[in-house]
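Working notes, structure below.
The values are calculated or read from the model by the stated rules, or taken from the named source; none is laboratory data. Fair warning: this is a prediction, and the values are worked out from it, not measured in the lab. Note that we place each Cβ from the backbone using ideal geometry, even for glycine, and neighbour counts take in every protein chain shown. These accessible areas exclude ligands, DNA and RNA; they are computed on the full protein's heavy atoms, side chains included. Shrake-Rupley method; radii C 1.70, N 1.55, O 1.52, S 1.80 Å.
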Amino acid sequence: MPIKAFAARSATSPLGPFSIERREPLPRDVEIDILYCGVCHSDLHSARNEWGFSVFPMVPGHEILGRVTRVGKDVTRFKVGDLAAVGCLVDSCRTCSSCKGGLEQFCLGTGADGAIFTYGGLDKHSPVPGGTTHGGYSERIVCTEHFVLKVPANLDPARAAPLLCAGITTYSPLRRWGAGKGRKVGIVGLGGLGHLGVKFAHAFGAHVVLFTTSESKVADGTRLGADEVVISKDASQMARHASSFDLILDTVSADHDMNAYLALLKLDATLAVVGVPSNPQAISMFSLIMPRRTLVGSLIGGLPETQEMLDFCGTHGVMCDIEMIRMQQINEAYERMLRSDVKYRFVIDMASLKG
Ligand code: NAP
Ligand code: ZN
Ligand code: ZN
């Protein structure tokens, strides 16, 4: 049965109504009726082929939350009626050392036997020959149980949906490179990822400094958990923090001067990058060698850590600040995202697509 979706037909066409097919649930599959889907800047980069590897037509969306409608006979963790979520991955080889270590995003398999992203990936179970995976801007999704996450019952489902990408993408590097008590941690950019970065770093007990280009976001930065807010365009405000940070998380989606943030790190401190501007960014080697500093990257998180993050959010009441939109407003939402005008994640109410 065809279902309703919204797709980009090419890199230059706006998103519009589209019809896709989902497979009949296999023995280990969970079928989810999608209630909410967050809008990630990666959806925009991909729909406009800014990274150069998009496949069209494309149904974006990888912050998916909904209710289970059917389960295959071998499914053990979900039953009909449960809340369930799917993030950026829907499959991987499950046998390589990365997969065995719970780092499915770094699966060593290739092609259809490697990490399969929620949209634009090779779909070995596609009902259409040679089909690609389709994301959450759609009525339903069918996904193998291992890649389906449990959502704590106390979280507002719409405000929890963006945790599936923006949440894990900030939680994972903040945990790995030590955002916690006694540490001075910077978050660059107050968008979807950045606002969760501020919330997590605050919840982990760090001294949190938000860097923003938007003067209008200063009060929100403090409300969301930042101890200090720096306007990054103001060189004198930046200079006050020279060589003082233990960790900075860079979530910026566009070209920016990363040397300005490296200059704020102490000896042996870390700049962790999660934002993916489409162009290469210039780094002066002096920014890294004087004094010795570390530049690292991070990609979402594996399934065990994603569940750990959701459970942490349930325990500590961490949720996203969202603006709910109808599916039909998606092109306008993308334009606002480009203007850094998101407070702080758009979430699509999927009832608007179904109705
Ligand atoms: P977003 O909501 O649009 O937020 C990006 C923020 O960056 C903006 O709100 C703005 O914050 C700041 N910014 C934008 N343009 C800027 C510029 N020219 N100079 C300086 N700052 C600028 O985007 P998002 O959904 O959080 O995603 C952010 C990036 O992370 C995207 O590139 C996305 O593809 C990437 N991403 C990576 C992963 C991963 O696994 N590594 C996962 C998800 C997303 P201010 O207004 O506060 O300055
Ligand atoms: Zn994303
Ligand atoms: Zn693997």
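Think of the range 23-90 as having a plus end and a minus end, set by charges on the Cβ of Lys, Arg, Asp and Glu; of 52, 25, 90, 25 sits farthest toward the positive end of this dipole.
Length gained on full extension, residue 24 to residue 290: 90.0 nm, using 0.36 nm per residue less the C-alpha separation.
A convex hull fitted around the alpha carbon atoms of the range 219-260 yields 106 Å³ per residue. Once C-alpha pairs closer than 8 Å and six or more residues apart are averaged by separation and normalised to the residue number of the chain, the relative contact order reads 18 percent. Ligands, DNA and RNA are left out, and with a 1.4 angstrom probe the accessible area of the chain is 41 Å² per residue.
Simple point charges give the picture: +1 on the Cβ of Lys and Arg, -1 on the Cβ of Asp and Glu, and for the range 1-118 a dipole about the Cα centre of about 200 debye. Pop out the carbon and sulfur fraction of the accessible area of the chain as a percent, whole number, probe 1.4 Å. Carbon plus sulfur share of accessible area: 55 percent. Sites listed here are trypsin sites (Lys or Arg not before Pro) in the range 261-355 whose DSSP assignment is loop and whose Cβ has at most 12 other Cβ atoms within 10 Å: 292, 339.
Using only the Cα atoms of the range 85-128, build the gyration tensor, take square roots of its eigenvalues as a ≥ b ≥ c, and label the shape rounded, prolate or oblate: rounded if a/c is under 1.5, else prolate if a/b is larger than b/c, else oblate.
Numbers: a/c = 2.36, a/b = 1.49, b/c = 1.59.
Verdict is oblate for the range 85-128.
Applying 1/(1 + (r/R0)^6) with r as the Cβ-Cβ distance of residue 332 and residue 222 and R0 = 30 angstrom yields a FRET efficiency of 0.55. When you work out D = kT/(6 pi eta Rh) for the range 97-220 at 25 °C and 0.890 mPa s, using the Kirkwood radius from C-alpha pairs as Rh and the Stokes-Einstein form, the result is 143 µm²/s. In the distance distribution for the chain, Cα-Cα pairs more than 31 Å apart total 32 percent.
A 1.4 Å probe over all protein chains sorts 104, 24 by accessible area into 24, 104, starting with the largest. Each DSSP beta bridge with both residues in the chain is either parallel or antiparallel, and the antiparallel ones are about 55%.
Using the Cα centre as the reference, give the magnitude of the dipole from point charges on the C-beta atoms of the chain (Lys, Arg: +1; Asp, Glu: -1; all else neutral), rounded to the nearest 20 debye.
Numbers: 36 positive and 36 negative charges, 78 e Å.
Here the size comes out at about 380 debye.
To the nearest 10, the accessible area of residue 45 is 10 Å² with a 1.4 Å probe. Label zone (residue 279, point 7 Å along Cα-to-C-beta; backbone nitrogen cut-off 19 Å) within the range 43-83: 45-46, 48-53. Placing a label point 7 Å from the Cα of residue 341 along the Cα-to-Cβ direction, no residue of the range 23-39 has its backbone N under 11 Å from that point.
Each distinct pair of alpha carbons in the range 226-355 adds a 1/r term; the inverse of their mean, the Kirkwood radius, is 17.6 Å. Axis of helix 303-316 versus longest Cα principal axis of the chain: the two differ by about 70°, to the nearest ten degrees. Tilt of helix 192-203 relative to the longest C-alpha principal axis of the chain, in degrees (0 to 90, nearest 10)? Tilt relative to the chain: about 70 degrees.
Taking the empirical scaling 2.2 N^0.38 Å for compact globular proteins as reference, the range 297-355 has a Cα radius of gyration ratio of 1.42. Helices in the chain, meaning DSSP H runs of at least 4 residues, each add -39500 (n - 2.57). Divided by all residues, the mean residue ellipticity at 222 nm is -6000 deg cm²/dmol. Taking the chain as a Gaussian network, where each spring joins two C-alpha atoms under 10 Å apart, which residue of 242, 282, 260 fluctuates the most? Among 242, 282, 260, the largest mean-square fluctuation in the Gaussian network model of the chain belongs to 282.
Across the range 1-91 the C-alpha pair distances fall into 5 Å bins from zero in the proportions 3, 13, 19, 23, 18, 12, 8, 4, 0 percent. Counting lysine pairs in the range 95-223 whose alpha carbons fall under 25 angstrom apart, excluding pairs fewer than 8 residues apart on the same chain, gives 8. With the charge dipole of the range 297-355 set up from +1 on Lys and Arg Cβ and -1 on Asp and Glu Cβ about the Cα centre, the Cα lying farthest toward the positive end among the listed residues 330, 302, 346 is that of 330.
Going by the alpha-carbon gyration tensor, a ≥ b ≥ c the square roots of its eigenvalues, is the range 168-271 rounded (a/c under 1.5) or, if a/c is not under 1.5, prolate (a/b greater than b/c) versus oblate? Taking the square roots of the gyration eigenvalues as a ≥ b ≥ c, the range 168-271 is rounded.
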